[in-house]
Amino acid sequence: MEQTHFFEADPADTPLATRMRPRSLDEFAGQTHLLGPGKVLRQLIDRDHVPSMIFWGPPGVGKTTLARIIAGRTRSNFINFSAVTSGIKEIKEVMNEAERTRMLGERTILFVDEIHRFNKAQQDAFLPFVERGSIVLIGATTENPSFEVNSALLSRCKVFVLQALGTEDLVGLLRRAIDDPRGFGGQNVQMDGDMLAMVANFANGDARTALGTLEMVILNAQREEDRVTVTKEIIEQCVNKKSLLYDKNGEEHYNLISALHKSMRNSDPDAAVYWLARMLEAGEDPLYVARRIIRFASEDVGLADSRALELAVAAYQASHFIGMPECTVNLAHAVVYLSLAPKSNALEAAYMAAAADAQKMLAEPVPLVIRNAPTRLMKELDYGKGYQYAHDYEEKLTAMQCLPDSLKDKKYYVPTNQGSEARHGERLRQILEWKRAQREREEKK
């Protein structure tokens, strides 16, 4: 039960996002894949069979609000618990109170915001109470729970993935805020659909951002006696800089670099430049991106266009020399070049195959013929005996065996016919054919 105070705050001073917090599933925006008719979570709520669960999704999609609605629909005691300000002592106090109320026949839903911020010991403190049914645990996280929630607790919770809200969902939310008495109902706000879409697009799927922006826009709008008029110029002033969803150490960091890499691999320069811009505009270190581009140049282009590696290294150096924001065009130069370059993963495949053999055959001896012999003892042991110096021969080639006997004739590098690698492949074919013929001649002697 909430207590009231003698000096109550003016409701108008409460943030719009708080005033417009949905009170029921019918007011809840988005997540139809979970809450639509016949969907799993909707059925669990309607049947009052809510299990412990984890809500995983980006900020502003309604994780806390959904937990509150569930508690109200299932007639449960609701406790909001923050992982930022609470420790094991607070956890145990709350758990003991939940155990007491359970004995009285009252169920407790414990909502833990940012559950990924709890360490293993803190997360383990929930386990016995979840197992006994003293609480229904609902955790919320913006991070992948597979990595941030310990396996014992995760195995006892159902994970539901909440998605960023679409533009249509946000436009509907904004329109309701304009019409609802809890928002700006009765103020006769004039704001057309295109303007609402501008605010919705700026919010990037975040309802809290959308409502906060709408509030700023309307508070700065032109006011007449009987109406409030929002202009496009006012909206542009309020949304001149978007705060992009990005965490340099979180999952989105790896999602975006993966998107960049795979777009270049798929020869899609438009997508590649977009993902590059998403990272750089959100504050990513340009040298991190440049290092990944250098890796790509050999992993996915390789000998199909050896110039790719030169250009990638040059882009790194340019980024180091001039920094942001000037280096964005240098990185875009490299990204587009690599996207359009012929592709070959032959070098990557060659190394991975050789590495697999190397790990299994770490003790394979270096053939005597190619060992160095700096001392007399080594020479007496036949180190380097019979070594053939390629430059002494007209063809600059010999048929000398350089692999261990157990790997004789093993092929790791298999060139493709893409770009310049086709020429390298033909050169390799000629070399192998010459060596084969030379060995056959030596065997006949």
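The values are calculated or read from the model by the stated rules, or taken from the named source; none is laboratory data. Source: prediction; values computed, not measured. Every residue, glycine as well, gets a Cβ built from its backbone with ideal geometry; the counts of neighbours run over all protein chains shown. These area figures cover heavy atoms from the full protein model, side chains too; ligands, DNA and RNA do not enter into them. Shrake-Rupley method; radii C 1.70, N 1.55, O 1.52, S 1.80 Å.
Structure values in brief
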| read-out | value |
| --- | --- |
| Pairs, first of a type in the set (Phe, Trp, Tyr) in segment 345-373, second outside any helix (DSSP H, G or I) and surrounded by 11 or more Cβ atoms within 10 Å (Cβ to Cβ), C-beta under 8 Å, six or more apart | TYR351/TYR412 |
| Output for segment 128-165, where each listed residue is modelled with pLDDT under 85, in contact with a helix residue (DSSP H, G or I) (Cβ under 6 Å, 6 or more places away or on another chain) and closer than 21 Å to THR101 by Cβ | PHE129, SER134, ILE135 |
| Some residue of segment 272-281 being open to solvent by less than 20 Å² (accessible area, probe 1.4 Å) and at positive phi | no |
| Condition met for ALA354 (assigned to a loop (DSSP other than H, G, I, E, B) and in contact with a Phe, Trp or Tyr (Cβ under 7 Å, 6 or more places away or on another chain)) | no |
| Close pairs from segment 199-227: first closer than 23 Å to PHE28 by Cβ and of a type in the set (A, V, I, L, M), partner part of a helix (DSSP H, G or I) and open to solvent by 20 Å² or more (accessible area, probe 1.4 Å), Cβ under 6 Å, at least 6 apart | ALA200/THR167; ALA200/VAL171; ALA203/THR209; LEU211/ALA17 |
| Conditions (1) closer than 21 Å to LYS63 by Cα; (2) part of a helix (DSSP H, G or I); number of the one not met by GLU143 | (2) |
| Residue satisfying all of: in segment 420-445; open to solvent by less than 40 Å² (accessible area, probe 1.4 Å) and under 39 Å from the mean Cα position of the chain (by Cα); farthest from LEU340 (Cα to Cα) among these | GLY425 |
| Cβ pairs under 7 Å, 6+ apart, first in segment 292-306 and touching a residue at least 40 places away in the same chain (Cβ under 8 Å) and open to solvent by less than 30 Å² (accessible area, probe 1.4 Å), second assigned to a helix (DSSP H, G or I) and of a type in the set (Asp, Glu) | GLY302/GLU421; ALA304/GLU421 |
| Condition met for PRO59 (assigned to a loop (DSSP other than H, G, I, E, B), open to solvent by 50 Å² or more (accessible area, probe 1.4 Å) and either in contact (Cβ under 8 Å) with a residue 60 or more places away in the chain or touching a Cys at 6+ places or on another chain (Cβ under 7 Å) (or both)) | yes |
| Count of residues meeting criterion [touching a residue at least 40 places away in the same chain (Cβ under 8 Å) and surrounded by 16 or more Cβ atoms within 10 Å (Cβ to Cβ)] in segment 42-56 | 6 |
| Segment 178-192, subset of a type outside the set (Phe, Trp, Tyr) and buried (at least 19 other Cβ atoms within 10 Å of the Cβ), residue modelled with the highest pLDDT | ILE178 |
| Some residue of segment 128-140 being basic (Lys, Arg) and either open to solvent by less than 10 Å² (accessible area, probe 1.4 Å) or within 23 Å of the chain's Cα centre (by Cα) (or both) | no |
| Tally of residues being open to solvent by 70 Å² or more (accessible area, probe 1.4 Å) and either at pLDDT below 85 or of a type in the set (Gly, Ala, Ser) (or both) across segment 13-41 | 2 |
| Of all residues making up segment 119-140, the number that are outside any helix (DSSP H, G or I), among the aliphatic types (A, V, I, L, M) and in contact (Cβ under 8 Å) with a residue 40 or more places away in the chain | 5 |
| Positions within segment 141-177 being over 21 Å from VAL40 (Cα atoms), in contact (Cβ under 8 Å) with a residue 60 or more places away in the chain, open to solvent by 40 Å² or more (accessible area, probe 1.4 Å) and over 17 Å from the mean Cα position of the chain (by Cα), in sequence order | ARG176 |
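Here is a yes/no grid of residues against (1) surrounded by 13 or more Cβ atoms within 10 Å (Cβ to Cβ); (2) within 53 Å of the chain's Cα centre (by Cα):
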| position | (1), (2) |
| --- | --- |
| LEU362 | no, yes |
| PRO367 | yes, yes |
| ILE370 | yes, yes |
| MET378 | yes, no |
| ALA390 | no, yes |
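Matching residues to (1) modelled with pLDDT of 85 or more; (2) more than 30 Å from the chain's Cα centre (by Cα); (3) of a type outside the set (A, V, I, L, M):
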| residue | (1), (2), (3) |
| --- | --- |
| ARG73 | no, yes, yes |
| ILE91 | no, yes, no |
| MET103 | no, yes, no |
| ARG107 | no, yes, yes |
| PHE111 | yes, no, yes |
